[in-house]
Amino acid sequence: MSANTPKLTAELVSIQTIWTQQDSGQPHNAFTDMIRFQDQWYVGLREGEKHHGGLEGMGALRIIRSTDSETWTSAGHFVLADGDLRDAKLSITPDGELMLNSAIQVYHPDPDLHLNYAWFSKDGATWSGPVQIGEPDLWIWSVTWHDGVAYGIGYPNQDSDLEVTRLYKSNDGRDWEVLVPALHEGNESSIAFKPDGTALCYLRKGHVIGQSLPPYTDWKWVDTRDVGGPKLFNLPDCGYILGGRGGKWGEMKIFEIDPDTGKSRLLIELPANFDSSYPGFLYHEGFLWVSYYTSAEDATEGGRYRVPTEIRLAKIRLSE
């Protein structure tokens with residue numbers, strides 16, 4: 001870590017299970033994101049038969065919400081008949097709408113493409129129909145808004161002729177344009193911004209973290225650690241964290257990371273086993289809140305993708 005990077009300590013204050021097979025009716029509950037909208041907590045997740053869909057177990061999306069972070073109810077259920085809906089990502093548009101974005105993996109009967117979709121809600125309960133966004137075969141995995149503009153990185157599926165990711169931008173979340181046609185090797189991504197407007201981007205598979213000044217067309221990259229289901233997050237006044245599966249199956253780790261050097265150090269490891277990771281982060285009322293998923297303690301079926309899986313919420317106290 002560089003000399004100006006704070007060295008944080010983390011204390012796990014509480015952890016609770018907020019969504020299970022009993023709530024969804026499905027054994028696999030996973031791939032979270034989290035946000036606060038209109039003074040309520042929202043968590044997005046995928047429900048399905050298993051980690052990967054296929055014709056026999058296509059996934060659907062669920063939005064759950066809470067007024068107190070303890071009692072959770074469904075605020076939206078999203079199904080597309082053509083295939084497997086994947087990761088649920090949440091953001092808020094400049095017009096004050098809650099935005100859910102995801103991709104569907106289409107089966108005919110074998111997976112041959114991804115299509116990106118978004119849904120919008122003014123109240124967190126009544127949702128628009130699906131709006132197709134981006135380009136086919138380039139999965140816009142997550143969306144980050146900055147100064148009224150949305151940014152997202154599309155990555156190609158394994159059968160695509162394109163070998164690198166593509167950076168997109170949008171002013172409304174519905175109409176997207178290509179900003180950087182060939183960005184860097186990678187797949188799952190997470191974008192954050194420094195207070196001065198510098199964009200940061202972590203790319204899984206590429207194992208890099210990059211930086212760019214506006215208009216975000218010229219990027220500089222440094223090597224860093226491998227994190228599965230990554231979430232890069234700017235902590236107010238105390239640096240940057242990166243969360244996800246820390247390179248080993250059955251983990252949920254949070255690292256303090258220096259975006260200038262790519263160096264990182266383990267901040268805290270949350271209880272997890274077998275199929276796990278894919279966190280959402282919130283910093284609220286002085287605490288870091290983390291949504292994530294893991295195989296339940298009594299999970300027995302599915303090999304390393306052991307089910308049932310469940311959604312957990314951790315409350316963490318940070319200090320320098």
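At a glance:
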quantity: Peptides 8-16, 234-242 ordered by average Cβ neighbours within 10 Å, highest first; calculated: 234-242, 8-16
quantity: Sorted by Cβ density within 10 Å, fewest first, the residues Asp112, Asp33; calculated: Asp112, Asp33
quantity: Estimated translational D of region 157-212 in µm²/s (Stokes, Kirkwood radius over Cα pairs; 37 °C; 0.692 mPa s); calculated: 265
quantity: Relative contact order of region 170-320, pairs being alpha-carbon contacts under 8 Å that are 6 or more residues apart, as %; calculated: 13
quantity: Net lengthening on full extension, Asp95/Phe193 (0.36 nm per residue, minus Cα-Cα); calculated: 33.3 nm
quantity: Percent of Cα-Cα distances greater than 27 Å, calculated over the chain; calculated: 39
quantity: The chain - mean residue ellipticity at 222 nm from DSSP helices (-39,500 (n - 2.57) per run, n ≥ 4, rounded to 500); calculated: 0 deg cm²/dmol
quantity: Neighbour net charge for Arg245 - beta-carbon separation under 12 angstrom, K R +1, D E -1; calculated: +1
quantity: Likely footprinting exposure, His28, His184, His77, fewest C-beta neighbours within 10 Å first; calculated: His77, His184, His28
quantity: Cleavage-rule hits, GluC sites (Glu not before Pro), region 144-223, DSSP coil, Cβ neighbours within 10 Å at most 14; calculated: Glu163
quantity: Highest-fluctuation residue, Thr198, Thr224, Thr71 considered, GNM on the chain with Cα pairs under 10 Å; calculated: Thr71
quantity: Sorted by Cβ neighbour density within 10 Å, fewest at the top, the residues Thr126, Thr294; calculated: Thr126, Thr294
quantity: Relative contact order [Cα under 8 Å, 6+ residues apart], the chain, whole percent; calculated: 17
quantity: Karplus-derived HN-Hα couplings along region 308-320 (A = 6.51, B = -1.76, C = 1.60, θ = phi - 60°), whole Hz, x at Gly and Pro; calculated: x, 10, 9, 9, 10, 10, 10, 10, 10, 9, 10, 8, 8
quantity: Taking region 4-65 and dividing mean pair separation by its residue count, relative contact order in percent (alpha carbons under 8 Å, at least six apart); calculated: 24
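Throughout, read-outs are computed from the coordinates displayed, never taken from laboratory work. On a predicted model such as this, the values are computed, not experimentally measured, just so you know. Here the Cβ is made from the backbone with ideal geometry for all residues, glycine too, and neighbour counts use every protein chain on show.
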